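The values are calculated or read from the model by the stated rules, or taken from the named source; none is laboratory data. Please read these numbers as outputs of a predicted model, since none were measured by experiment. Methodologically, a virtual Cβ is constructed for each residue, glycine included, from the backbone with ideal geometry; neighbour enumeration extends over all protein chains shown.
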Amino acid sequence: MKKLLFPLTLCAAAVAAPVMADTYQSEVSAGYSDHTDASNADVWGLGAKVFLMPVDTDNGPYELNSFLSHASYLQGGMAFNDNLDQYLLGGRLVTSTDMVLDVQYKGLDFDHGEDADQYSVALGGYVNQSSLVSLYYKGLDWGRNDANTWGARVKSYMPLVADSGLLLKTDLSNSNVDHATDVFAWDISGDYFFNKQLSAGLGMDYINASNDQVAYVVQGHHDTTYYANASYWFNPRANVSVGVNKTRGDNGMGWMVKGAYRF
């Protein structure tokens, strides 16, 4: 299986997009993901962010402009396939002292089975200009299998030579699920930025759970998954990215392509 993203492809617009001003305040994305050996696994998605203040594109690699600018935003998204529709609303507030509050709501509409609601609250702060540490709570309302998840995240960018750099991320969590065993997850990844435009990364999402369906709803995977991705910005406004993933025990691989445009 694969992580459900809130993306889609804007390749034509990306290639044609002109270089504009050095700030932006909105970002839209669109994408498609599928699996080489699973039926009804294709997902179409759309997403949007509106930033409360203009974001400077000169601040680090284009991929990380909003993160390195300590930007606040509102966001929304949706994703659809034959078995599950998802809807996302949320936002992030960064205070003048670099404390960060992140809230999200996700609605999961299953074609077969009981619908679910998932909500999360994260509180953290920048420990320096390019490193964020957060603690979070995530709740799942899903009939017999309600779940409470507690976790911690670290995201840190280290500039290297010229415009190159390394982004490291880790997310450690445990979910206590009613009428099912706990779901333990550890997601760790690294992305290397060759310059402001091009990056590539590898990661692993370790999952320990005996209930595949609950693990998938809570964490996005039913078992440990390895993934790789690459991202290219044609200019500060237009992006295309691709990714592949392989879940332990599954035949075939998942893949995705998405695009983004800023204005």
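If I filter the stretch 74-95 down to residues being more than 18 Å from Ala30 (Cβ to Cβ) and modelled with pLDDT under 95, which single residue comes out as surrounded by the fewest Cβ atoms within 10 Å (Cβ to Cβ)?
Asp82
Can you name the number of the only condition in (1) assigned to a strand (DSSP E or B); (2) within 22 Å of Ser69 (Cβ to Cβ) that Ala152 fails?
In the conditions (1) assigned to a strand (DSSP E or B); (2) within 22 Å of Ser69 (Cβ to Cβ), Ala152 misses (2) alone.
Name the residues in the stretch 221-239 that are in a strand (DSSP E or B) and either over 15 Å from Gly201 (Cβ atoms) or of a type in the set (Phe, Trp, Tyr) (or both), would you?
Matches in the stretch 221-239: Tyr226, Tyr227, Tyr232, Trp233, Ala238.
Just to be sure before I move on: is Gly31 in a strand (DSSP E or B), of a type in the set (Gly, Ala, Ser) and within 20 Å of the chain's Cα centre (by Cα) in the structure I sent?
Spelling it out, Gly31 is indeed in a strand (DSSP E or B), of a type in the set (Gly, Ala, Ser) and within 20 Å of the chain's Cα centre (by Cα).
Can you tell me which residue within the stretch 46-72, out of those that are among the charged types (D, E, K, R) and in a strand (DSSP E or B), is nearest to Asp102 (Cα to Cα)?
Step by step, filter the stretch 46-72, then rank; the result is Lys49.
Could you tell me whether Asp250 is among the charged types (D, E, K, R), in contact (Cβ under 8 Å) with a residue 12 or more places away in the chain and part of a strand (DSSP E or B)?
The answer is no for Asp250.
So Asp212 ticks every box in (1) charged (D, E, K, R); (2) surrounded by fewer than 16 Cβ atoms within 10 Å (Cβ to Cβ); (3) touching a Phe, Trp or Tyr at 6+ places or on another chain (Cβ under 7 Å) but one. Which box is left unticked?
(3)
Out of the residues in the stretch 215-225 that are in contact with a Ser or Thr (Cβ under 8 Å, 6 or more places away or on another chain) and either within 23 Å of Ala116 (Cα to Cα) or surrounded by fewer than 21 Cβ atoms within 10 Å (Cβ to Cβ) (or both), which is modelled with the highest pLDDT?
Across the stretch 215-225, the extreme among qualifying residues is Thr224.
Looking at the stretch 228-248, which of the residues that are under 15 Å from Ala41 (Cβ atoms) and not aliphatic (A, V, I, L, M) is modelled with the lowest pLDDT?
Ranking the candidates gives Thr247 first.
If you take the residues of the stretch 179-199 that are within 25 Å of Gly249 (Cβ to Cβ) and of a type outside the set (A, V, I, L, M), which of them is surrounded by the most Cβ atoms within 10 Å (Cβ to Cβ)?
In this case the residue turns out to be Asp187.
Would you be able to tell me the number of residues in the stretch 96-121 that are within 22 Å of Gly151 (Cα to Cα), of a type in the set (S, T, N, Q) and either modelled with pLDDT under 95 or not in a strand (DSSP E or B) (or both)?
1
What is the residue count in the stretch 108-124 for residues that are touching a residue at least 24 places away in the same chain (Cβ under 8 Å), farther than 23 Å from Gly45 by Cβ and surrounded by fewer than 16 Cβ atoms within 10 Å (Cβ to Cβ)?
Number satisfying all stated conditions: 1.
Anything in the stretch 231-263 that is among the small types (Gly, Ala, Ser) and either in contact with a His (Cβ under 8 Å, 6 or more places away or on another chain) or surrounded by fewer than 17 Cβ atoms within 10 Å (Cβ to Cβ) (or both)? List them, or say none.
Matches in the stretch 231-263: Gly249, Gly252, Gly254.
From (1) of a type outside the set (D, E, K, R); (2) in contact with a Ser or Thr (Cβ under 9 Å, 6 or more places away or on another chain); (3) surrounded by 18 or more Cβ atoms within 10 Å (Cβ to Cβ), pick out the condition that doesn't hold for Tyr105.
(3)
For Leu202, all conditions in the list (1) touching an Asp or Glu at 6+ places or on another chain (Cβ under 8 Å); (2) surrounded by fewer than 16 Cβ atoms within 10 Å (Cβ to Cβ) hold save one; what is the number of the exception?
For Leu202, the failing item is (1).
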